[in-house]
């Protein structure tokens, strides 16, 4: 099973969309294996967005991500990195297809509700920033056999 990091950003919490969006991942059959609510500090933002720190837009990004709490999560499932990113849609809500999370709930590039890892390497790096290994739980829901055939897992 592949794992991915998903962060529900400040605009998601401020708009009261956490439950609605989280349920879309659960309804898809993705397995929630870690979750915590926290406030991103400027130092944590610099660590998370290390590749953007020197870019001109970074100060606005840091101000946004530290403005309100976030919910950090880890999901697992077959091809979960690709599946989550497709569910989110294009980075800009204005360009995201209807039916995607951003297409349905966002009209902004920055205020796009959810961050998700884009590769196995970034997933591993981001999970390590927000979670200790013991905080990511291995478990099998009793309905797992109804979500994927044994040969698909």
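Read-outs: derived from the displayed coordinates by stated rules, not from any lab. As the structure is a prediction and not an experimental result, all values here were calculated from the model. Here the Cβ is made from the backbone with ideal geometry for all residues, glycine too, and neighbour counts use every protein chain on show.
The residue that is surrounded by the most Cβ atoms within 10 Å (Cβ to Cβ), counting only those in the stretch 1-19 that are touching a residue at least 24 places away in the same chain (Cβ under 8 Å) and assigned to a helix (DSSP H, G or I), is 12. Can you tell me how many residues in the stretch 121-145 are under 14 Å from residue 36 (Cβ atoms), touching a residue at least 12 places away in the same chain (Cβ under 8 Å) and part of a helix (DSSP H, G or I)? Total meeting the criteria: 5. The one condition from (1) surrounded by 17 or more Cβ atoms within 10 Å (Cβ to Cβ); (2) in contact with a strand residue (DSSP E or B) (Cβ under 7 Å, 6 or more places away or on another chain) that residue 141 does not meet is (1).
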